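The values are calculated or read from the model by the stated rules, or taken from the named source; none is laboratory data. Model, not experiment: these values are computed from the prediction. Positions of Cβ are backbone-derived with ideal geometry, glycine not excepted, and every protein chain shown enters the neighbour counts.
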């Protein structure tokens, strides 16, 4: 019997229930993002406390002076339709109690500093400063976020001038 080619992006080969798998996929992406950031040389840690609006903390750089800046980072899986949601307070998983719109909230800079979207098919990362999403709706197509894809300069130049210039380059 011939087996198909195995890929690093294979999903749910064990056949877990889709709802349960969605929650696990979010956890996996949190660790994948952590590993990528560590490989890039950044100091990063995983939050052990659940129920906060961020998954990681990260030390970025505020150039030109090179000062380190501590960022609260939320990781999000990019949906099948190619968009990223900027909301929290709801939870995937097979055993959740679902009460629509009771706990859902849109991220602001009070919750976190950076949202990193993970493309589950390519592992590309979209680095989205939370201050940008405060002016948008609850989600955004990654087609409008291409300038943010794998843009490590965001983490090397975390300052108002650089971020304002970057934000102005995004399509409306």
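Computed values, structure above
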{"read-out": "Checklist (1) surrounded by 15 or more Cβ atoms within 10 Å (Cβ to Cβ); (2) out of contact with any strand residue (DSSP E or B) (no Cβ under 6 Å at 6 or more places or on another chain); (3) free of Cβ contacts under 8 Å to residues at least 60 places away in the same chain; (4) farther than 18 Å from residue 121 by Cβ applied to residue 57, failing item", "value": "(2)"}
{"read-out": "Long-range neighbours under 7 Å by Cβ, at least six apart or interchain, first residue at positive phi and modelled with pLDDT of 95 or more within the stretch 125-153, second outside any strand (DSSP E or B) and surrounded by fewer than 18 Cβ atoms within 10 Å (Cβ to Cβ)", "value": "150/124"}
{"read-out": "Total residues in the stretch 9-54, condition assigned to a loop (DSSP other than H, G, I, E, B), more than 21 Å from residue 88 (Cα to Cα) and without any contact (Cβ under 8 Å) to a residue 40 or more places away in the chain", "value": "7"}
{"read-out": "Whichever residue in the stretch 82-107 is part of a strand (DSSP E or B) and within 22 Å of residue 18 (Cβ to Cβ) and, among such residues, is modelled with the lowest pLDDT", "value": "88"}
{"read-out": "Members of the stretch 120-172 that are part of a loop (DSSP other than H, G, I, E, B) and farther than 27 Å from residue 38 by Cβ", "value": "134, 135, 136, 137, 138, 169, 170, 171, 172"}
{"read-out": "Number of the exception - residue 104 against (1) over 21 Å from residue 51 (Cβ atoms); (2) in contact with a strand residue (DSSP E or B) (Cβ under 6 Å, 6 or more places away or on another chain); (3) surrounded by fewer than 19 Cβ atoms within 10 Å (Cβ to Cβ)", "value": "(1)"}
